[in-house]
Amino acid sequence: MAKLIEGMYIGGTWSGAKQTFKDRNPSDGSVWANVPDATAKDARKAIKAAHEAFPAWAEMPFNKRSHILIKAGEIFESRREEIAAAVVEEGGGWFGKAMFETGYTAEIFPAAAAANYGSIGDVLPSEFGKLSLAVRRPIGVVSVISPWNFPLILTGRGMLFPLVAGNTIVLKPSEDTPYIGGLLWAEIFEEAGLPKGVLNVVTCSRDHVAAVGDELVENPLVKGISFTGSTPVGRQIAAKAGAHLKKCCVELGGKNSLLVLDDADLERATQAANFGAFMHQGQICMSIERVIVHEKIYDAFIEKFLPRVAKLKVGTTTDKGNILGPVINNRAAKRIKKQFKDAKKKGAK
């Protein structure tokens, strides 16, 4: 039975869209939820709501903003078991990954709330008899575009700090995790008493993601962008933000290597390679994508590494005993098969 989705969250109101898209469980392809498919017009509406909510939110005493975040964190913690199940079902994560992600995310709330109690500026050098201060103030509407691979951690990290500082947010989660990366956050903050319009969530399918994304970056009411995702898309967003002289923070993919030198502890090295390469099916920007082993210990490394890999249980993530679950969607599976064939063609064994 598909999860009931109330709608998008714009201006403190749950609202639908002209059409919906299917949010599928990666383990079996079943429909996990039917989700509103926003257009650029919906994004503009969300940005307008955030813009109108900004002055009152920015002027609210900082400790009150922090208290709302603490309350939201308590609500998150109280729903942790339910949220972990959604990470498994909607995001295709292994149970251990779900428990790690929910635990880590719960810690972001108090960390962000505490940021309001630190320095908000600097005393600058000045001429005698004068006092020069640099004071950091919220900038306005911030668009947060979050990914599917760690949708709780990366949404929380991208959104909570600018939010508590007094900015208002328009959040667009990945079309592969629109609930745990987006609508869940609206549920939590609505219950926590966040003023209307401070957090807005728009969800859209792949068909509309380019138009919605462009609106979230180029709309003149948007003053900052936080993006986590692929390097090609990040380059486009950074270029568009730069053209408008907007603040932009992008966290993109990596091509990470594990170097194993000839004096390495092979037990630790093979354990690290196993975890680093296969955690969440390798769908992490920090995943190990190549292992470079000194020729003197190559055979010994392979002898220890392969049995570790062979022990990894593969299957649907509904079985807690399975460590390797599905990749996020069919496009990802096809891309991996293509890469595998290309590597074999070029001599991989």
Exercise. Any idea which residue in region 132-148 is nearest to residue 328 (Cα to Cα), counting only those that are buried (at least 24 other Cβ atoms within 10 Å of the Cβ) and among the polar types (S, T, N, Q)?
Worked result: 146
Seminar exercise, completed: Subset of region 198-224, residues basic (Lys, Arg) and in a helix (DSSP H, G or I), comes to none
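If the requirement is being under 30 Å from residue 325 (Cα atoms) and loosely packed, with under 15 Cβ neighbours inside 10 Å, which of these qualifies: 129, 103, 91, 73?
Numbers: 129 fails: under 30 Å from residue 325 (Cα atoms); 91 fails: loosely packed, with under 15 Cβ neighbours inside 10 Å; 73 fails: loosely packed, with under 15 Cβ neighbours inside 10 Å.
One residue alone meets the criteria, 103.
When you go through 197, 181, 156, 224 one by one, which is the residue that is within 21 Å of residue 84 (Cα to Cα), touching a residue at least 12 places away in the same chain (Cβ under 8 Å) and touching a strand residue (DSSP E or B) at 6+ places or on another chain (Cβ under 9 Å)? Outline the logic, then answer.
Numbers: 197 fails: within 21 Å of residue 84 (Cα to Cα); 156 fails: touching a strand residue (DSSP E or B) at 6+ places or on another chain (Cβ under 9 Å); 224 fails: within 21 Å of residue 84 (Cα to Cα).
Answer to the selection: 181.
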Seminar exercise, completed: Taking region 30-86 and keeping residues of a type in the set (Lys, Arg) and not in a helix (DSSP H, G or I) leaves 79
Seminar exercise, completed: The condition from (1) assigned to a loop (DSSP other than H, G, I, E, B); (2) surrounded by fewer than 23 Cβ atoms within 10 Å (Cβ to Cβ) that residue 174 misses is numbered (2)
Seminar exercise, completed: Of the conditions (1) in contact with a His (Cβ under 8 Å, 6 or more places away or on another chain); (2) more than 26 Å from residue 100 (Cβ to Cβ), the single one that residue 260 does not satisfy is (2)
For this session: All but one of (1) of a type outside the set (Lys, Arg); (2) at pLDDT 95 or above; (3) more than 30 Å from residue 158 (Cα to Cα) hold for residue 321, so report the exception by its number.
Result: (2)
For this session: Would you mind stating whether residue 230 is modelled with pLDDT under 95, surrounded by fewer than 24 Cβ atoms within 10 Å (Cβ to Cβ) and either farther than 22 Å from residue 53 by Cβ or touching a strand residue (DSSP E or B) at 6+ places or on another chain (Cβ under 9 Å) (or both)?
Result: yes
For this session: Only residues in region 110-129 that are assigned to a loop (DSSP other than H, G, I, E, B) count as the first member; pair them with residues that are among the aliphatic types (A, V, I, L, M) and surrounded by fewer than 10 Cβ atoms within 10 Å (Cβ to Cβ), Cβ under 7 angstrom, at least 6 apart or cross-chain, and list the lot.
Result: 120/135
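Sort out for me the helices (runs of 4 or more DSSP H) sitting completely within region 249-349 that have 3 or more residues that are exposed (fewer than 14 other Cβ atoms within 10 Å of the Cβ) and either at positive phi or of a type in the set (Lys, Arg) (or both). Don't jump to the end; show me each part of the working.
Working: elements: 266-278, 298-310, 330-345.
The qualifying helices (runs of 4 or more DSSP H) are 330-345.
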Seminar exercise, completed: Within region 35-67, residues surrounded by 22 or more Cβ atoms within 10 Å (Cβ to Cβ) and β-branched (Val, Ile, Thr) come out as 35, 47
Exercise. Looking at (1) farther than 29 Å from residue 22 by Cα; (2) touching a residue at least 24 places away in the same chain (Cβ under 8 Å); (3) of a type in the set (A, V, I, L, M, F, W, C), can you tell me which one residue 343 breaks?
Worked result: (2)
Seminar exercise, completed: Result of the Cβ filter at 8 Å on region 35-57, keeping first residues that are not assigned by TED's automatic domain parsing to the domain that holds residue 223 and partners that are surrounded by fewer than 24 Cβ atoms within 10 Å (Cβ to Cβ), at least 6 apart or interchain, is none
For this session: Starting from region 66-82, keep only residues that are of a type in the set (Lys, Arg), then list their pairs with residues that are not in a helix (DSSP H, G or I) whose Cβ atoms are within a distance under 7 Å, requiring at least 6 positions of separation or different chains.
Result: 71/193
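The values are calculated or read from the model by the stated rules, or taken from the named source; none is laboratory data. Source: prediction; values computed, not measured. Ideal geometry is used to build each Cβ from the backbone, glycine not excepted, and the neighbour counts take in all protein chains shown.
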